[in-house]
Every structure is written in C-alpha cells, then in structure tokens.
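Colleague: Please see the structure below; I have some questions.
Just so you know, all these numbers are worked out from the coordinates, no wet-lab data involved. Note that this is a predicted model, so its numbers are computed, not measured. Methodologically, a virtual Cβ is constructed for each residue, glycine included, from the backbone with ideal geometry; neighbour enumeration extends over all protein chains shown.
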Amino acid sequence: MAVPHKPEYRDIDVELEPLAELEAFEDADSPLPPPLSSTNPRPSRQDHSMEPAPKWMRAAQPWTRTLQQRVASALKPRLAVGYVLFTLIGLYVLYCIVVRSPLFASKLPEYTGRYGVGAIDVEVPVRTPRRTSEAVFEKSGEPAFELETVLFTLYYPAAKGSKSARPHHRWVPKPVALTAEGYARAAHFNNFVSRPVFTFALWAVAGGIAIPAEVDVPLLPFDETDAAKGPERFPVVVLSHGQASSRTDYTHYCGELAASGVVVAAVEHRDGSGPGSVVTGRDGTERRVMYMDKKELRGGREMEDDEFKFEQLAFRQAEIEETMAVLRALDAGRGHDILESNARGEGLGLDAWADRLDLSQTVVAGHSFGATGALQVLKGATSRENPAVGGIILDPGKSSGKLNTDIDVPILVIHSDSWSKKVTVFFGRPHFDTVRDIVQDVLKRAGASWFLTSLKTSHPSVTDAPLIEPLLLRWTTGATINVREGLREYVRVSLEFMDYLRNGTRGGVLAEGVTHEEYGKDTMTDEQRERMPEETTKYWQIHVAPDRDE
C-alpha cells in the first residue's frame, strides 16, 4: 500500500527569513519586518510597507512632512473646553504683546484737556529731619515715624504735543515686589508663599501700565505777546492719597486737572498707610517703608485705633507742609537746587518754574484717609507755612479718626454714591450727618462750601482703578456710571470750585442750590426742577450749598 506523501512541516509563525538581502533594513535603526503568513506573503524587495505596525515601529518621516502633519493636526477643530480656553488666552497674550497693552487690564487713557501734561518725580530732603512721634517698632526698635525726605509727583500743563525722550512713569513703580508685599500685608496674608503670588498677579495685571504724562518736558511757556502782564501763573493742588494707596493711584484725575491749567503735587505718604515706598537719604542710602499695622509697634496692641490714626495723620500733615515748602522754593527760582537734591534725577527744566505758581490759589485735596488728612491740614490755613485757600474733600474717612471741624476756608466735599448710600455709624451718629454738619458750619464761617453726592459712583471711582479694570470694579463695587464719565464729572466740579476760589464766580453744578437735604430725598421746588440742567440732575445730588445767586 502506498504511503501517502506527508507534506513538509513549515511553521510560518516562527521561521526566520534571511534578511541580509533586504536593502530596506540595512540601517541599524530600521524597524523589524512583519511576520509572514498565508495572507501576508514575503515582502518583495520593492514592498516594505509598515502600515500595520505601531508608531514606534514605523520608519522615520522627513522632518518637513512631520512638521506639516503637526500643524495640520493642531489646526483641527477641538471641542474640549480646556483647549478652547488655552487657545483664547494664547491669542489674547499675543495681542497684548503686539499692541503693547497690559495683560488682563486696560491702558490708562490720554488726557482730554486743552494742554499737554508733564510729570516729574521729586524726592528731596526735608528742611529739618525729625520724628513726628516717639513710636518705635517692637522687633527692631527703629522709629516708626521718621521724616527724612518728601516724595511727590508734579503733574503740570505742557505744550500740546510735547514728547519726552524719557520713558513714561510706570503705574506700579519698581520694584513691583515691594508694592505686592505691601498689599499682602494689608490683606493680612504676608508670607513666603503669598508674596510671590501677589507679585506675579500685580505684574500680570498692572506691571506694564504706563502713565500717559510726558516725563520732564518743559512747563507750558507763557504767551510772549502778553509779556507785559508777566508770566502766566498756575493754581496749585496738593493731593493726599488714601489707605493702602500711593501717589500713582490718582494719575488720571491729576492729569486732567493739569491739562486744564492746574499744577498738582501728588504726595506719597510714608506713614505706613501705603503699600510700600523706598526712602532715599541724603547720602544715597535706601530704606523701605512698608504698610504698617499698629500691632507692629511697641505697645501697639494696647493702642486705640484713633490714637494710631492720629500718629499717621500728624506725619501726613508734616509731609504736606514740606511739599508746600518745596513748591515755594520752586516758585522763588530755586529749581536748580531742587534738581541737584532730587534723588529721582528728574526736573531738568525746573529753573523755568520761577514765578509760574500761583501759591495764593493753593488747594489741599484728598481721598478717603487722604480726605481726613486734608481736613486736618486745613486747620492751619491760611498762613505762610500753609497757604491753602480751600479744600477738595473726596469721601472723607469713615474709619480714620475724627474729622477736623476747625476750618475757615471754603471746602468742596464730594461723596461717591456708595459712600452716601451706606449708613455708617461714626462716633455715635450717621457719618453722612456728621459730614453735612461740618460743611454747613464751614459755609457759615467762610461764606461758601458745598457737599455733593456723585450719582452711580463708588468709593474707587475717582481713582485709576476703574479705568484699568472697568468690569471687575463695576461688579465688585456696584458702580453703574461709565467710568470715564464719572471721572470727568469729578474733574469738572473740582475745576468749578477752583474757579470760584479765584474769581468768586459760581458756575455749573456749584451755581445751583440744595437739591437733596438728605441723600435720596428730593427737596427741589417745581421751579428749581424745571430750571436745573439735565447734566446736573443726572450726575449729582446737592446737600449743602450757598443760596443760589438770582
């Protein structure tokens, strides 16, 4: 019987095929060939496709082709929320870089007045270095209220179109970390973890914001055709900032006043109420002055809040008086001396400021804690040391100690809407009533004073903050007015007040009589309501005013 032919065994899964003849695999980094099977015959010399293999087994692609594939893949639409957000943030950052706009914030707008605006930082030694208090720090024993120098920024009228070769001042002065640490202290969250977080956040939001004023450009020259009348003199405002603020928080208000022909000295207080400042001594040494809590002082835990505020207000008053002394020296022709002693290295044209300041039209202004300080300074007005003839008081403090009532010069008090609306007990009675009574008393003594509420505004409305973060401030403070309109009204009424001080003429809002004796309670007559301009009733309530001129 014939034995059937047994087929030769061949394990196609394990049999090794000779590879030496395959040119495609001569490279040491080439992938292994696929196994042979009945459905996958031995590849020919021309066919070495690796399509079924995983990515790490595939042959390398040319870099140009790989780049094209990656770009095409990146441009494919994604539905993931994270991808969309990341893309939008990236585009926003790129846009900010291209247009030189700060991240997550708006630029400060240009000024709208008839003149250009210049800015000069001035830090000079005080006439007599001194301590305004015996208070010392608990840990170091160093004096807490030591006055060595005074620092302020001058905002002044300049020729329209003036340009400076110097860079613009930054809204957050360098070092940013100093200011950030001050805010961390004010928030009672100051440690090695929080400080970098505050620094990065402040840098991201405001680190790139520049103040539009041109640095160190010449003061507006007087018209030589009127030289017989002498050079034009400009009225002066000395501005005091609020708690946890600095001299750069009110730059738009200051700049708009300057664009209308006013010289403004915005003081930086080193009383421990600002976030942080660097004092440069006569010998060039620097020391930091940071936001201060009374508990840091020796015996501070037992100190009453009013006592602590009193110490700070005394220091602020000394700084304002020293600022006035520098302005007197500037007007007296000592601009070169001020330049030589200025630690900030600015003021090349200060010699030309001789006889250009109308110090008989000096006004002290302040916001919040600064408004409380301005009222305090007016106690000594008018004198040679303190030539102030009036005060602009914006939201006088509700927790900054008692308000001075001994005032013999006209004052303009402006409450933001939120400041008037919220009832706050202030030394046993409503704060609004206290302020109204003070203004009524000054009206009787000085012959003129006003108390107004700016409608639809909030406490920060006079600062730069709403211009930089309009949506955030609207959401957090409840202000509903257009931020530029709100600031424009603050500037308009301030200028109307200064016009009255100069020539006794009442105009605009200040030409009207009382419209609301209490906040929100209309007391106008039908005739008054019909006569009142719409722009007055739209933006203002008038609580105290002289009788209307008929």
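Colleague: Amide H neighbours of VAL413 under 5 Å, counting only residues 5+ apart in sequence or on other chains, H built in-plane at 1.01 Å?
Modeller: Here the answer is ILE393, TRP450, PHE451, LEU452, since their amide H atoms fall under 5 Å of that of VAL413.
Colleague: Starting from the amide H of PHE426, placed 1.01 Å from N in the peptide plane, find each other amide H under 5 Å away whose residue is 5 or more places distant or on another chain.
Modeller: HIS431
Colleague: Need one word for segment 257-377: rounded, prolate or oblate. Basis is the Cα gyration tensor (sqrt eigenvalues a ≥ b ≥ c); a/c below 1.5 gives rounded, then a/b vs b/c decides. Let's see the in-between values first.
Modeller: On the way: a/c = 2.75, a/b = 1.60, b/c = 1.72.
It comes out oblate by the Cα gyration axes.
Colleague: Estimate the FRET efficiency between ARG131 and HIS336 by the formula 1/(1 + (r/R0)^6), using the beta-carbon distance for r and 30 Å for R0, to the nearest 0.05.
Modeller: Values: r = 30 Å, r/R0 = 1.01.
So, using R0 = 30 Å, E works out to roughly 0.50.
Colleague: Using the Karplus equation 6.51 cos²θ - 1.76 cosθ + 1.60 (θ = phi - 60°), what ³J(HN,Hα) coupling, rounded to whole Hz, does each residue of segment 351-364 give in order, writing x for Gly and Pro?
Modeller: 4, 7, 8, 4, 6, 10, 9, 8, 5, 6, 10, 8, 10, 9
Colleague: For segment 368-550, just say rounded, prolate or oblate: build the C-alpha gyration tensor, square-root its eigenvalues into a ≥ b ≥ c, call rounded for a/c under 1.5, and beyond that prolate if a/b exceeds b/c, oblate if not. Please report the intermediate quantities before stating the final value.
Modeller: Values: a/c = 1.40, a/b = 1.10, b/c = 1.27.
The shape class here is rounded.
Colleague: In segment 426-474, which chymotrypsin sites (Phe, Trp or Tyr not before Pro) are in a loop and have at most 10 other Cβ atoms within 10 Å, using DSSP for the loop call?
Modeller: Numbers: sites: PHE426, PHE427, PHE432, TRP450, PHE451; in loops: PHE427.
Counting only loop positions with at most 10 other Cβ atoms within 10 Å, the chymotrypsin sites (Phe, Trp or Tyr not before Pro) in segment 426-474 are PHE427.
Colleague: Considering only C-alpha atoms, what is the centroid distance from segment 463-540 to segment 250-315, in Å?
Modeller: One Cα centre to the other: 29 Å.
Colleague: Right, next: Report the local net charge at VAL215: Lys and Arg +1, Asp and Glu -1, summed over other residues whose C-beta lies under 12 Å from its C-beta. Write out the running numbers ahead of the final one.
Modeller: Numbers: positive: LYS163, ARG166, ARG170, ARG344; negative: ASP121, GLU214, ASP216, GLU346.
Net charge around VAL215: 0.
Colleague: Mind scanning LYS402/LYS521; LYS139/LYS379; LYS107/LYS421; LYS295/LYS402; LYS421/LYS538; LYS309/LYS538 and naming the pairs with a C-alpha gap bigger than 25 Å? Intermediate results must be reported in sequence, preceding the final value.
Modeller: Working: LYS402/LYS521 27 Å; LYS139/LYS379 35 Å; LYS107/LYS421 30 Å; LYS295/LYS402 21 Å; LYS421/LYS538 17 Å; LYS309/LYS538 36 Å.
Cα-Cα > 25 Å for LYS402/LYS521; LYS139/LYS379; LYS107/LYS421; LYS309/LYS538; rest within.
Colleague: Are there any chymotrypsin sites (Phe, Trp or Tyr not before Pro) in segment 108-195 that are in a DSSP loop and have at most 15 other Cβ atoms within 10 Å? List them by number.
Modeller: Passing sites in segment 108-195 are PHE189, PHE192.
Colleague: Counting DSSP beta bridges with both partners in segment 229-298, what percentage is antiparallel, nearest 5?
Modeller: On the way: 5 of 10 bridges.
Antiparallel: roughly 50 percent of the beta bridges in segment 229-298.
Colleague: Right, something else. Work out from phi, with θ = phi - 60° and the Karplus expression 6.51 cos²θ - 1.76 cosθ + 1.60, the ³J(HN,Hα) of each residue of segment 257-262, listed in order in whole Hz, and give x for Gly and Pro.
Modeller: Using θ = phi - 60°, the values come out as 4, 5, 5, 9, x, 10 Hz.
Colleague: Counting only residues 5 or more places away or on other chains, whose amide H sits under 5 Å from the amide H of TRP540 once H atoms are built in the peptide plane?
Modeller: Those lying under 5 Å, H to H, from TRP540 are LEU455.
Colleague: Using a 10 Å cut-off around each Cβ, can you sort SER140, SER162, SER449 from fewest to most neighbouring Cβ atoms?
Modeller: Values: SER140 10, SER162 17, SER449 26.
With the fewest neighbours first, SER140, SER162, SER449 line up as SER140, SER162, SER449.
Colleague: So for segment 368-550, averaging the separation of alpha carbon pairs under 8 Å that are six or more residues apart and normalising by length, what relative contact order in percent results? Mind dumping the intermediate values first?
Modeller: Working: 304 pairs, mean separation 35.1, N = 183.
It comes to 19 percent, rounded to a whole number.
Colleague: If you plug each phi of segment 145-150 into the Karplus form 6.51 cos²θ - 1.76 cosθ + 1.60 with θ = phi - 60°, what whole-Hz ³J(HN,Hα) values come out, in order, with x for Gly and Pro?
Modeller: Per-residue couplings from phi come out as 10, 10, 9, 10, 10, 10 Hz.
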